[in-house]
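Everything below concerns the one structure shown next.
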Amino acid sequence: AMGAAVGGGYIAYNHTRRGELYGWTKPFLDALDAEFVHRLGVAVGSQPWLVKLLGFADPRPDPPELGTTVWGLRFSNPVGLAAGYDKHAESLPGLAAMGFGFVEIGSVTPEPQDGNPKPRVFRLKEDNAVINRYGFNSQGVEAVGLRTEAWRAARDMGSPPGGHTTVLGINLGKNKLTEDAAADYEKGMARLGRDADYIVINVSSPNTPGLRALQGRKELEALLRRMITARNVLPVPRKMPGSLHGHEGGLPGGQRPLLLKIAPDLVDADLKDIAAVVLKLKVDGIIVSNTTIERPLSLKSALKGEVGGLSGQPVFDKSTEVLRRVYELTGGKVPLVGVGGVSNGKQAYAKIRAGASLVQLYTSFAFKGPAVVHAVKAELAELLRADGFTCVEDAVGADHRHGRTAKPRGK
């Protein structure tokens, strides 16, 4: 009996190690409130020992084809976690252990705020999608800053919590009632910017009144000028992952890359304005894109009428076309991060060929669990090899050079 118990336990543990525990528990989790499950996942990620025990950690080295350098920073792979999951920097150790090449926390507002009333997160299971109207719920820059400081200090000493390191992005937002939006972003920059490997200005959430108006040309240029000034007075970091320059920062001069996150619901004239401002001010990157307020006719779920931003599979085509257009408008001169509906390696590869230097997951991570990270990376590496690419950089924007299905010339 003892042997049977030990044997059964070993088999169960072996299954768990292969990431099957998430699949076993998913029907139970799906019956619970979506926000509660979100918080449960963040709580698990905050304990790296628990991540390992549950089989969610992935100690396997990344395929060499996936290593990439953007903004002078070395990424072990181009697959990251989008902002919105770890809003308060609570689960960096566990997320790093799951195999993400980078993790973006936030959005973080200067002062703590509760966000919108609950319920505010809805699973559209039939559509592999989520609608959320969180509304920048945030613990504020002081609480988050204590965590990012601790993470950064431990990582720089070569002993990150949980034993894994990753590139850290910090996504900044504004408080709901603030009239001078730039002042809020400046506060976030001053408190959190020093801990970031890259910094994101989020002007595209649909759940904060008036926020998307900051994407207008005049408003955007004024905001970004102030943010560049705020970024430039930050102290040069002691150490950043894989810096290629003679100093410790990611960019020449030691400053942190500044990125802009835009919505997918922009018309071409808006995209032209944004591209012009980004090129004029030499903004370092653009994240394409946030959630959409549109509701495709293909949606089947009874919850499709809920107010908020739609993410997941239904957003893939639209966000990828916006990405493709932004790459064209910027002439491939500005690194782009592709996000929206990525759930497998083929979709990640499509984003890269359309112009993304990096890609991010969000909804697929919620639906499929930690195993999706390795699955996306493995399939992406296979697709790169099949098309004759030896590294991610060579595939970035390939559709614009070789067509959407063609392999690189001479391969």
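Annotations for the structure displayed:
- Approximating the spin labels as points 7 Å out from Cα along Cα→Cβ, the Lys52-to-Ala183 distance works out to 4.8 nm.
- Expressed as a whole percent, the accessible surface of the chain that belongs to carbon and sulfur atoms is 58, based on a 1.4 Å probe.
- DSSP-defined antiparallel bridges as percent of all bridges, region 260-411, nearest 5: 10 percent
- Near Ala143: Cβ cut-off under 15 Å, other residues only, Lys/Arg at +1 and Asp/Glu at -1. The net charge is -3.
- Comparing Ile286, Ile170, Ile228 in a Gaussian network model of the chain where C-alpha atoms under 10 Å apart are linked, the largest mean-square fluctuation is found at Ile228.
- The chain - Rg and Dmax from Cα coordinates, angstrom: 20.4, 74
- Packing-based order for 152-163, 350-361, using average beta carbon neighbours within 10 Å, highest first: 350-361, 152-163
- Rounded to 5, percent antiparallel among DSSP beta bridges of the chain: 30 percent
- The lysines within cross-link reach of Lys52, meaning a Cα-to-Cα straight distance under 27 Å and a gap of 8 or more places when in the same chain, are Lys26, Lys87, Lys368, Lys377.
- Residue-by-residue Karplus 3J(HN,Hα) for region 168-179, coefficients 6.51, -1.76, 1.60, Hz, glycine and proline x: 10, x, 10, 9, 9, x, 10, 5, 4, 9, 6, 8
- Tensor-based shape of region 42-105 (alpha-carbon gyration tensor, a/c under 1.5 rounded, otherwise prolate or oblate): oblate
- For the chain, accessible area per residue (1.4 Å probe, heavy atoms of protein chains only), Å²: 41 Å²
- Ordering of 196-209, 381-394 by packing [mean C-beta count within 10 Å, highest first]: 196-209, 381-394
- Between the alpha-carbon centres of region 42-118 and region 256-270 there is a gap of 22 Å.
The values are calculated or read from the model by the stated rules, or taken from the named source; none is laboratory data. Predicted, not measured: the structure shown is a model, and the values here were computed from it. When we count neighbours, we look across all protein chains shown, and the Cβ atoms used for this are built from the backbone with ideal geometry, even at glycine. Heavy atoms of the whole protein, side chains included, go into the accessibility calculation; ligands, DNA and RNA do not. Shrake-Rupley method; radii C 1.70, N 1.55, O 1.52, S 1.80 Å.
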